[in-house]
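What follows draws every value from the coordinates through simple rules; no lab data is involved. Please read all numbers here as calculations on a predicted model, not as lab measurements. All Cβ positions, even for glycine, are placed from backbone atoms using ideal geometry, and neighbour counts span all protein chains on display.
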């Protein structure tokens, strides 16, 4: 059945394309955070193991919500690792050590990159594509990432 929500097909397609890029970034960041949880080493292992778990659980919810937003617009969400890697703005980890500070710095850079990507799409979603719902949705995601980034950043002081 046709998606008839007051937004043109062309606009919904453009927004869904950007949301799928965001979904790819979210999934890559989720995976990198799980990797940090599994592989962190050092005297702060236990506390950082739990900290990274908290972060990846929040990211798991974000991943699901972005995928569902794409579907609500009448389009299909990316759902393969190849698809994610083809469009993500992030790079996979290539770490030589598994210390918490290194993981934190890398994850923080990725959160900051996602925040910038989201911020760049808030106005176009609303003004260019007339999709105020998606604009509002990603504004909330930006706030979530700002909080997650703040928590990471606080470990580096």
(message) With an 8 Å Cα cut-off and a minimum separation of 6 or more residues, compute the relative contact order for the chain in percent.
(response) 31
(request) Compute the distance in nm between two label points, each set 7 Å from the Cα along the Cα-to-Cβ direction, one at residue 10 and one at residue 146. (result) 3.3
(message) Per DSSP helix of 4 or more residues, -39500 (n - 2.57); summed, then divided by the residues of the chain. What does that give at 222 nm, rounded to the nearest 500?
(response) -25500 deg cm²/dmol
(message) Taking R0 as 25 Å, what FRET efficiency do you get between residue 17 and residue 109 from their Cβ-Cβ distance, rounded to the nearest 0.05?
(response) 0.55
(request) Output the direction-averaged projected area (hull surface divided by four) of the convex hull of the alpha-carbon atoms of the chain, in nm². (result) 9.3
(message) Just to confirm the number: angle between the C-alpha axis of helix 9-39 and the first principal axis of the chain, 0 to 90 degrees, nearest 10?
(response) 10
(message) Give me the one-decimal nm value for the distance between modelled label points at residue 91 and residue 38, 7 Å along each residue's Cα-to-Cβ direction.
(response) 2.1
(request) Specify the inter-centroid distance of the range 1-59 and the range 77-141, based on alpha-carbon positions, in whole Å. (result) 7
(message) Under a crude label model (7 Å from the Cα following the beta-carbon direction), how far is residue 54 from residue 1 in nanometres?
(response) 4.3
(request) Work out how much length residue 101 to residue 154 would gain on full extension: take 0.36 nm times their residue separation and subtract the Cα-Cα distance, in nm to one decimal. (result) 18.0 nm
